[in-house]
1. With charges set only on the Cβ (+1 for Lys and Arg, -1 for Asp and Glu), what does the dipole of segment B:78-250 come to about its Cα centre, in debye to the nearest 20?
2. Along the principal axes of its C-alpha atoms, what lengths does chain A span, in descending order and rounded to whole Å?
3. In a Debye calculation with equal point scatterers on the alpha-carbon sites of segment B:78-250 and no solvent, what is log10 I(q)/I(0) at q = 0.08, 0.15 Å⁻¹?
4. Compute the accessible area of each residue in segment A:74-116 twice, once for its chain alone and once with every protein chain present, using a 1.4 Å probe on heavy atoms, and list those whose area falls by at least 30 Å².
5. Please compute the modelled spin-label separation between B:Leu12 and B:Ala176, points set 7 Å along Cα→Cβ, answer in nm with one decimal.
6. Under a cut-off of 19 Å between alpha-carbon atoms, report the aspartates and glutamates in cross-link reach of A:Lys227, not counting same-chain residues fewer than 8 places apart.
7. Could you give the C-alpha radius of gyration of the protein assembly as shown expressed as a fraction of 2.2 N^0.38 Å, taking N as the number of residues it contains?
8. With respect to the cross-link table entries A:Lys168/A:Lys271; A:Lys92/A:Lys125; A:Lys180/A:Lys271, which display a Cα-Cα separation exceeding 28 Å?
Amino acid sequence: MTKSITNNSQSSIQDLQPLIQIQQLSLSYKNKPAFQDVTFSIPQNSITAIVGPSGCGKSSFLTCLNRLSDLIPNCQVSGHIQLGTVNLLSPKINTTALRRRIGMIFQKPNPFPMSIKKNIVFPLKEHGFANAQEREQIVEEVLTDVGLWSEVKNRLEDSAMSLSGGQKQRLCLARALALKPEILLMDEPCSALDPISSGIVEDLIVRLRHKYHYTIIIVTHNLAQAKRIADYAGLFWVEEGCGRLIEFGTATQFFNAPEHELTKAYIQGTKG
Amino acid sequence: MSKPKTLSQSPLQSWFTRHKDQCLVWLLRGLAAIAGAIILLILIFLIKESLPVLQEVGIKAFFQDRAWNPVEQSYNLVPMIWGTGLTMFGSVLLATPLGILSAIFCHYYAPQSIAIIYRRLIELLAGIPSVVYGFWGLVVLVPMINRLHPPGTSLLAGICILTLMILPTIALVADAAFAEIPQEYLLGAKAMGLSASGTIWHIVIPTAKSGLLIGVILETGRAIGETMAVLMVCGNVVQTPDSIFDPIRTLTANIALEMAYALGNHRSALFVSGLLLLMIIIVLAIATELIDQEV
Ligand SMILES: Nc1ncnc2c1ncn2[C@@H]1O[C@H](COP(=O)(O)OP(=O)(O)O)[C@@H](O)[C@H]1O
Ligand SMILES: [Mg+2]
């Protein structure tokens, strides 16, 4: 990460380097296209919100970015994704290393069925953090980052399943942060949470982004949330039975002066 | 429940239409009660038939008599308990890791097409009649062991055959247990770049633990109850074995071999061994139930 930004003003964002360049990306399940011909660039250190009605391919799109799409049977991806100097869709790419660089948060909080601490320690061990002391330190650091430390420091050995929904989601966030990713993919991270937990997680996203300069791509159903946190926004929509990127631009332009009729209708709530 | 629409329905018919659900529920309850009653009847029958000898010589005789020689009032079951116990332990010890590994392979490593064929194969293995296993063991396995160490019909042959027979049980139960693991755990692990082996060891196995345990109990039950194949390959000499190459006789084989000509106390003593087997199976069933309740 080279540049740091301290505010959301458009001038400081627009001259950022594109980090991820997506060209003519299409994905289909069993020859039935989920989305087609998506082209746009995601700048470094920005929050990009992807919005759109359900079933338009937003989740499928995210899975291309960390190659989770490889694991879905009968799922074909075509097109080009450039991450820095790396061709992300190349079959030769080391997906383990890639997924360490790109963290993912799911809609349904999915901590592993083990202790709170082990949820963080286990992935660290898997990625070769051999020093136990260092691991302990990271556990405290990331739990503090997500505001869980004071809540769970006395029960680190308890099962992660005993946490509330919001706490679980924050643990998942902490678990992802522990691997020091550069990019975070979030698939509706707040939509399974109650409004208060949702607010806490949303604040965290903004705060952590400023602290660690993550590039965040977040799928959300919540337009108000997208408006509050995003620098860039894109609208996916189903046209002729297949998802498409209708419009992509800076958040200001997207929400205040959308070019496309569908975007206008969607943000005014008359469609979608 | 809607009212009958046509007036031509007889009162009985209309009563039936209105109470269709209750009828079904009572029918099912009745069938369940019959199934339960049959098991209870078998148990009572076993107890009744074994009582004469139990009253005459006492339970102790079955463990402390000089030998199994019922014609001369000597009822030591210990060698056969060893026979059943050792074949059971040996085969469970071999089949459990093999079955679990094969399910892991099927679920997490094999390509889709191979996994499907493999699964069918295991299901087929489960359906082969036990006498066929015994036959195969007698003509292939026993001569092989004989070359290694005579006589061939032995504890080892019994363990090998039983392993083959109970392998499908644990493999299929483990496969089902793995299929129930929430997909989001696996996706979460993949999305963090965790290795397949680490995921299996730290997430899959602990999550599927109770399912796997039930699989072990089921295969144990099958190993204890198996009669025909074991009878064909074990040699059936009543003795406590010194090595895995010694012939042995299991409790089940003992019943099958002697039932035809046993009379009086001898016959009653065979029922005692049947009762013993049934009791072990009941304990296993209760264990399954307890494990099931815990999750
Ligand atoms: N694993 C899958 N197999 C087959 N079809 C799928 C799969 N996942 C999603 N789809 C289909 O792809 C389309 C896009 O789904 P998704 O990406 O989940 O949309 P969104 O996240 O925008 O709601 C939907 O029509 C959905 O039914
Ligand atoms: Mg989705």
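1. On the way: 7 positive and 8 negative charges, 34 e Å.
That gives a dipole near 160 debye.
2. Principal extents (largest minus smallest coordinate, Cα): 53, 40, 35 Å.
3. Result of the Debye calculation: -0.30, -0.82.
4. Those residues are A:Arg99, A:Phe106, A:Lys108, A:Asn110, A:Phe112, A:Pro113.
5. Here the modelled spin labels are 4.0 nm apart.
6. Cross-link targets: A:Asp187, A:Glu188, A:Glu202, A:Asp203, A:Glu247, A:Glu259, A:Glu261.
7. Working: Rg = 33.0 Å, N = 567, 2.2 N^0.38 = 24.5 Å.
For the protein assembly as shown, the normalised Cα radius of gyration is 1.35.
8. Values: A:Lys168/A:Lys271 33 Å; A:Lys92/A:Lys125 25 Å; A:Lys180/A:Lys271 39 Å.
Exceeds cut-off: A:Lys168/A:Lys271; A:Lys180/A:Lys271.
The values are calculated or read from the model by the stated rules, or taken from the named source; none is laboratory data. The structure presented is a predicted model; accordingly, all values stated were derived computationally and were not measured. Cβ: placed from backbone, ideal geometry, glycine included. Neighbour counts: every protein chain shown. Just so you know, the surface numbers come from the protein's heavy atoms only, side chains and all, with ligands and any DNA or RNA stripped out. Shrake-Rupley method; radii C 1.70, N 1.55, O 1.52, S 1.80 Å.
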